[in-house]
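Asker: Here it is: the structure, laid out below.
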Amino acid sequence: MTVNFARKTLTTAITGASLALLAVQVQAAQTVNLGHTLSDSSHYSVGADAFKETLERLSDGEFEVVEHTAGALGGERALIEGLQIGTVDVVITSTGPLGNFVPETYVLDLPFLFEDYDQARCVLDSDLGQDLLDKMSDHDIVGLAWSENGFRHMTNSQRAVKTPADAEGLKVRTMENKVHMEAFEQMGVHPTPMAFPEVFTALQQGTVDGQENPITVIVATKFWEVQDHLSLTGHVYSPAAILGSPILLDGLSDEERGWFIEAARASAEATREEVSRLEREGIELLRENGMTVETEIDKAPFQEAVQPAYEIYTEQYGSEMLERVRASSC
Ligand code: EAX
């Protein structure tokens, strides 16, 4: 073989290998569509950023996360349905509508179930929390991790609310959650279930007088523009869940699924940190924006008013999960 022919053969081989390598490197990243109902300044978006950074780093660019904020892909019920049919890949959602799909999670929505953030986070990070995530696979949902929305408080446009009697007769938007609706019925409030993307307009138009959400959501959605009164009732701890579509995840390797779980856990940690920050700083921000804040709320009358919701819950869903929460060492 002449030297010239050998040089040409080697050049061709190197070129071929380079093109093959380039083809692998520029293989299009797989898009992962992540949806939630809050703004891009919210605690969910902080979590979405952490999810994106972690998954893209662990997968070395195999996956690219695209975040869809503010209900662009629908309210939380629609988002969960999207997971089941594969139109959405990952969702960050409260447990509001989740009980309609995975009834076992209703236990988490019981009013005054948790004393504080430490206890709630401890229970969700325990075997009980993992069991609830695992149960989701029976309902065409992949439970990736428990994140956080926060303790829910009441706001309204009519009057200061310090006792259940003050709230009587108010039309209050609730999530599409049977346990919450029952609790508010017991309190003498008229619960109006509604998807979150519709809430701001409903308050603006006076369709409802009030709503209930954590400080995080009230701040992220600027509810001070349509609500004058905030009462720190803390009547429910609202978890958030990071859920995946089985249409996407069932086709991945164990290693790839592991990346999603690790990214979800990083997301939850970032969101919890943001919730803690807003619990410290959010109330002053709401006052600065004109809301009157009732801080000295005697919770006992509210707890007594909503107690029947526990009997109704256990009649419908049994007491196993509730007993596990109460027996928890958290
Ligand atoms: O998950 O619907 C609600 O009130 C939720 O707290 C909100 O969508 C964030």
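Only the coordinates and a few stated rules stand behind these numbers; no lab work does. Keep in mind it's a predicted model, so treat the numbers as computed, not measured. FYI the Cβ positions are ideal-geometry reconstructions off the backbone, even for glycines, and counts take in every protein chain you see.
Asker: When Met154, Met175 are ordered from fewest to most other Cβ atoms inside 10 Å of their Cβ, what list results?
Answerer: Sorted ascending by nearby Cβ count, the order is Met154, Met175.
Asker: Among Gln186, Ala78, Met154, whose Cα projects farthest towards the positive end of the dipole of the chain, with charges put on the beta-carbon of Lys, Arg (+1) and Asp, Glu (-1)?
Answerer: Ala78
Asker: To the nearest 0.05, what FRET efficiency results for Asp116 and Gln316 with a Förster distance of 30 Å applied to their C-beta separation?
Answerer: In this case the efficiency is close to 0.65.
Asker: Just Tyr317, Tyr44, Tyr237 to compare: in a GNM of the chain, with alpha carbon springs under 10 Å, which one fluctuates most?
Answerer: Tyr317
Asker: Also, I was wondering about something else. Under a plain spin-label model, where a point goes 7 Å from the Cα along Cα-to-Cβ, how far apart in nm are Glu304 and Glu273?
Answerer: Distance between label points: 4.4 nm.
Asker: Within segment 23-66, which residues have the backbone N less than 18 Å from the label spot 7 Å out from Glu281 along Cα→beta-carbon, could you tell me?
Answerer: 39-50
Asker: Next question. To make sure I understand, if each residue's beta carbon is the centre and we count other beta carbons within 10 Å, what order do Ser42, Ser253, Ser328 fall in, fewest to most?
Answerer: Starting with the residue having the fewest Cβ neighbours, the order is Ser253, Ser328, Ser42.
Asker: Quick check: the angle from helix 254-288's long axis to the longest principal axis of the chain, C-alpha only, nearest 10 degrees?
Answerer: The helix 254-288 is inclined about 40 degrees to the chain.
Asker: Taking the Cβ of each residue in Phe302, Phe196, Phe112 as the centre, tally the other Cβ atoms inside 10 Å and list the residues starting with the fewest.
Answerer: With the sparsest Cβ surroundings first, the list reads Phe112, Phe302, Phe196.
Asker: If I histogram all Cα-Cα distances within segment 211-288 using bins 5 Å wide from 0, what percent of pairs lands in each bin?
Answerer: Calculated over all Cα pairs of segment 211-288, the distribution is 3, 12, 19, 18, 13, 10, 9, 8, 5, 2, 0 percent.
Asker: Still on this structure, please answer the following. Evaluate the distance, in nm, between pseudo-label points positioned 7 Å from the Cα of Arg7 and of Gln30 along their respective Cα→Cβ axes.
Answerer: 4.6
Asker: Only Cα pairs under 8 Å and at least 6 apart count here; give the relative contact order of the chain as a rounded whole percent.
Answerer: Normalised by residue count, the contact order of the chain is 25 percent.
Asker: Scale the Cα Rg of the chain by the rule-of-thumb value 2.2 N^0.38 Å and send over the ratio, two decimals.
Answerer: 1.19
Asker: How much of the calculated P(r) for segment 155-263 lies past 21 Å, in percent of all Cα pairs?
Answerer: Value for segment 155-263 (Cα pairs over 21 Å): 44 percent.
Asker: Using +1 at the Cβ of each Lys and Arg and -1 at the Cβ of each Asp and Glu in the chain, identify which of Ala167, His139, Ser253 lies farthest towards the dipole's positive end.
Answerer: Ser253
Asker: Summing -39500 (n - 2.57) over the DSSP H runs of n ≥ 4 in the chain and dividing by its residue number, what mean residue ellipticity at 222 nm do you reach, to the nearest 500 deg cm²/dmol?
Answerer: -14500 deg cm²/dmol
Asker: So what's the angle, to the nearest 10 degrees on a 0 to 90 scale, between helix 308-317 and the longest Cα principal axis of the chain?
Answerer: Approximately 40 degrees, to the nearest 10.
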